[in-house]
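S.K.: Have a look at this one before I ask anything.
The values are calculated or read from the model by the stated rules, or taken from the named source; none is laboratory data. All figures in this text were calculated on a predicted structure; none of them were measured in a lab. Glycine gets a Cβ as well: all are built from the backbone with ideal geometry, and neighbour counts include every protein chain shown. In case anyone asks, the SASA skips ligands and DNA or RNA and just uses the protein heavy atoms, side chains included. Shrake-Rupley method; radii C 1.70, N 1.55, O 1.52, S 1.80 Å.
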Amino acid sequence: MEEKLPTVLVVDDERATLTMFNLFLTAFGYNVLLAENGRSALDMFEEEAPSIVFTDLKMPEMDGFQVLKQIKHLSPQTEVIVITGHGDMDLAIQALNLDATDFINKPIKRSALESALRRALDRLKNPLSMGCRLSIGVDEGLARILIQGTLRRENREDLNSCCQRALQKAARGVLFVFADNAAVNGTGIAELINHLAIINREQLPVAIVGLSENFKAIFEMVGVMRFATLHDVEADAVRSLMGV
């Protein structure tokens, strides 16, 4: 029996964007709700309780930040994915700090939408979606730090513990692996950069794998590339660290 897909609410003041989302989401098999402004979106949310919400950030009267705050107040477990324009990475980071778990750029691409939905569904199924778990293993001089859930400033102690163990045990390098359900907000990025800088000072190479294209763009924008290389495939990241 096929798994029933959750209801998705899309909020945008541009009808063309709503039409595009409706076409894609309906084709994927989702039940779709469309709202042209924040007020009607919140009314729909309270009545229908969709599990996933896409909201544009730049809207008149009630913008996407207000929509995000209200929905997270009403239902913290709801997946809120913000819609941004290219070049609006600073706004995306602000939204991530308000507990949005992802973002998608205009113009909307089918592949990017499918990827965002896949990650949202995984977080909805996984109880870690409201928290974060970090774990570390060391093998053949290589430390592998796995990040599940959403990395925030509140995870500072766990991140510090993993990085300290990596510094003590790893001789070849450190690999940060973001799981499929993983996300990171602005303060989490700041904490990660601080620890990458410390590892870098010890002359240990660092690689990061598992990030979506959007999060890779943010990491590049904020300067993570000074301390680590980004990879799509874990095996490639391991080879780069091991010098193979």
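S.K.: With the requirement that a residue be surrounded by 22 or more Cβ atoms within 10 Å (Cβ to Cβ), under 14 Å from the mean Cα position of the chain (by Cα) and either at pLDDT 95 or above or among the β-branched types (Val, Ile, Thr) (or both), what does region 162-188 give you?
M.R.: Passing the criteria: only 184.
S.K.: Have a look at 91, 42 and point out the one that is open to solvent by less than 70 Å² (accessible area, probe 1.4 Å) and at pLDDT below 95.
M.R.: Working: 42 fails: at pLDDT below 95.
The conditions single out 91.
S.K.: So if I check each of 178, 227, which one is among the aromatic types (Phe, Trp, Tyr) and in contact with a Gly (Cβ under 8 Å, 6 or more places away or on another chain)?
M.R.: Among 178, 227, only 178 is among the aromatic types (Phe, Trp, Tyr) and in contact with a Gly (Cβ under 8 Å, 6 or more places away or on another chain).
S.K.: Taking region 208-223 as the region of interest, how many residues are open to solvent by 40 Å² or more (accessible area, probe 1.4 Å) and either assigned to a helix (DSSP H, G or I) or more than 28 Å from residue 243 (Cβ to Cβ) (or both)?
M.R.: The total comes to 3.
S.K.: Hey, another quick one. Across region 1-54, what is the total count of residues that are more than 21 Å from the chain's Cα centre (by Cα), among the small types (Gly, Ala, Ser) and not in a helix (DSSP H, G or I)?
M.R.: 3
S.K.: Being among the aromatic types (Phe, Trp, Tyr), out of contact with any Lys or Arg (no Cβ under 8 Å at 6 or more places or on another chain) and closer than 27 Å to residue 73 by Cα is the requirement here; does residue 215 meet it? Don't jump to the end; show me each part of the working.
M.R.: Details: among the aromatic types (Phe, Trp, Tyr): yes; out of contact with any Lys or Arg (no Cβ under 8 Å at 6 or more places or on another chain): yes; closer than 27 Å to residue 73 by Cα: yes.
In short, yes.
S.K.: Of everything in region 231-244 that's closer than 15 Å to residue 145 by Cβ and aliphatic (A, V, I, L, M), which residue is surrounded by the fewest Cβ atoms within 10 Å (Cβ to Cβ)? I'd like the intermediate steps shown before the answer.
M.R.: So in region 231-244, the residues closer than 15 Å to residue 145 by Cβ come out as 231, 234, 237-238, 241.
Within this subset, residues satisfying the condition of being aliphatic (A, V, I, L, M) are 237-238, 241.
Working: 237: 25, 238: 20, 241: 23.
For region 231-244, the residue satisfying everything is 238.
S.K.: Continuing with this model, one more query. Which residues, counting only those in region 190-206, are open to solvent by less than 50 Å² (accessible area, probe 1.4 Å) and out of contact with any strand residue (DSSP E or B) (no Cβ under 8 Å at 6 or more places or on another chain)? First the steps, then the outcome.
M.R.: First pass over region 190-206, keeping only residues open to solvent by less than 50 Å² (accessible area, probe 1.4 Å): 190-193, 195-197, 199, 204, 206.
Selection gives 190, 193, 195, 197.
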